[in-house]
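First the structure, in the form of structure tokens, and then the observations on it.
The values are calculated or read from the model by the stated rules, or taken from the named source; none is laboratory data. Since the model is a prediction, treat every value here as computed from it, not as a measurement. With ideal geometry, Cβ positions are generated from the backbone for all residues, glycine too; neighbour counts draw on all protein chains shown. Remember, those area values only see protein heavy atoms, side chains included, never the ligands or the DNA or RNA. Shrake-Rupley method; radii C 1.70, N 1.55, O 1.52, S 1.80 Å.
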Amino acid sequence: HKTLTILRRHTMGPNPVSFQIISDQANNFRSSIHQTVNYEDPYTSVDLPIFSIHGNHDDPTRDGGTEMLAALDLLACANLVNYFGRQDEVDKVVVSPVLMKKGDTKVALYGIGSMRDERLNRMWQGKKVRFLKPDENNKSSRRNGSEDESEEDPEDEDENSGWFNIFALHQNRDAGRGSKNCVHDSMIPEWMDLVVWGHEHECLITPSESSVGTFRITQPGSSVATSLTEGESMRKHVGILDVRGNQFRMVAVPLMNVRSFAVGTLTLSEHTHNLDPEDPRIDDQMTKLLSREVKKLIQEAREDSRLLRQDVDAVAGNG
């Protein structure tokens, strides 16, 4: 109820939307009643359109029926969001962009809703993931030739120049999770300009260079702290993306209502001069050391009204 109320309050209004959708909307927005972007529905007045893929907590399911439905299907049916990026095939992924145009600026928005990482990784390795490019008539079209996305036709490159390509996904990043349990930067087409990476909780809103060096990645992170980890102790942000032609900038906006917390790590090997494993009072020494470090962290947390977590690395000690 609160979600519907917020969306209705902030997305509906009389102001016109200043960009056009020039791709096949019936293909892009299959959950919509009229299979069009919500602000073009004659029975709804939307002045702030939202485009969203689903995450791993709201992925489509057949629970309670035979049709695959996600929570976003309900919001799309109510014309509150534009749900895209859903994949209905079990053995392949075909990503068709939402094409937006405003003046001379053209944006191709690609999206893949959350899938099991192992399954998506396997399809990517088997060249079963295909990204469709806009053709010269500004329609989504299937590229000819090999399914291997690394093989590019020079004429195809010229044909699709002028588009700013954004890719939104909600998967594990390659951060020590194993080669088959994530999406690697090298899997993403090199002609992408910006990747908006969901699922990871740490906020890294400032776009950074990918490991392949051909596109940038922004990781908004979770909007609230969901666990007491060091990555979630950083300030939370959302980003405002400005695109003009092939140039862009990301303006970070801090979230002020997220309660942050302080994280401290104590390595016992760095305090051997105060700790003697052979001393019968070692327990008292440990208590005094931990109490002193926690008090420091409490004082730091109080200054910013933050929660507290203290980690102790006992393995590194002498005892």
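Results, tabulated for the structure shown:
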| item | result |
| --- | --- |
| Failed item in (1) within 25 Å of L132 (Cα to Cα); (2) outside any loop (DSSP other than H, G, I, E, B), with I6 passing the rest | (1) |
| Scope the range 43-100; condition without any contact (Cβ under 8 Å) to a residue 60 or more places away in the chain, of a type in the set (S, T, N, Q) and out of contact with any Pro (no Cβ under 7 Å at 6 or more places or on another chain); matching residues | T44, S52, T61, T66, N79, Q87 |
| Residues located in the range 83-106, provided they are part of a strand (DSSP E or B), under 17 Å from D59 (Cβ atoms) and of a type in the set (V, I, T) | V93, V95 |
| Given (1) in contact with a helix residue (DSSP H, G or I) (Cβ under 7 Å, 6 or more places away or on another chain); (2) modelled with pLDDT under 90; (3) open to solvent by less than 30 Å² (accessible area, probe 1.4 Å), index of the condition N160 fails | (1) |
| Options D73, D59: the member that is open to solvent by 10 Å² or more (accessible area, probe 1.4 Å), charged (D, E, K, R) and in a loop (DSSP other than H, G, I, E, B) | D59 |
| The range 261-296: number of residues that are closer than 27 Å to L228 by Cβ and not in a loop (DSSP other than H, G, I, E, B) | 24 |
| Any hit, the range 190-213, residues being in contact with a Lys or Arg (Cβ under 9 Å, 6 or more places away or on another chain) and loosely packed, with under 14 Cβ neighbours inside 10 Å | yes |
| Which numbered condition V46 misses (of (1) in contact with a helix residue (DSSP H, G or I) (Cβ under 9 Å, 6 or more places away or on another chain); (2) surrounded by fewer than 16 Cβ atoms within 10 Å (Cβ to Cβ); (3) modelled with pLDDT of 95 or more) | (2) |
| Set L80, L109, L48: member being assigned to a loop (DSSP other than H, G, I, E, B) and within 30 Å of Q247 (Cβ to Cβ) | L48 |
| Some residue of the range 49-67 being among the basic types (K, R) and more than 17 Å from L80 (Cβ to Cβ) | yes |
| Checking C77 against (1) over 19 Å from the mean Cα position of the chain (by Cα); (2) modelled with pLDDT under 90; (3) under 21 Å from K2 (Cβ atoms), the condition it does not meet | (2) |
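Residue by residue, here is whether (1) modelled with pLDDT of 90 or more; (2) open to solvent by 50 Å² or more (accessible area, probe 1.4 Å) holds:
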{"position": "R143", "(1), (2)": "no, no"}
{"position": "D185", "(1), (2)": "yes, no"}
{"position": "T218", "(1), (2)": "yes, no"}
{"position": "G221", "(1), (2)": "yes, no"}
{"position": "S227", "(1), (2)": "no, no"}
{"position": "G239", "(1), (2)": "yes, no"}
{"position": "R249", "(1), (2)": "yes, yes"}
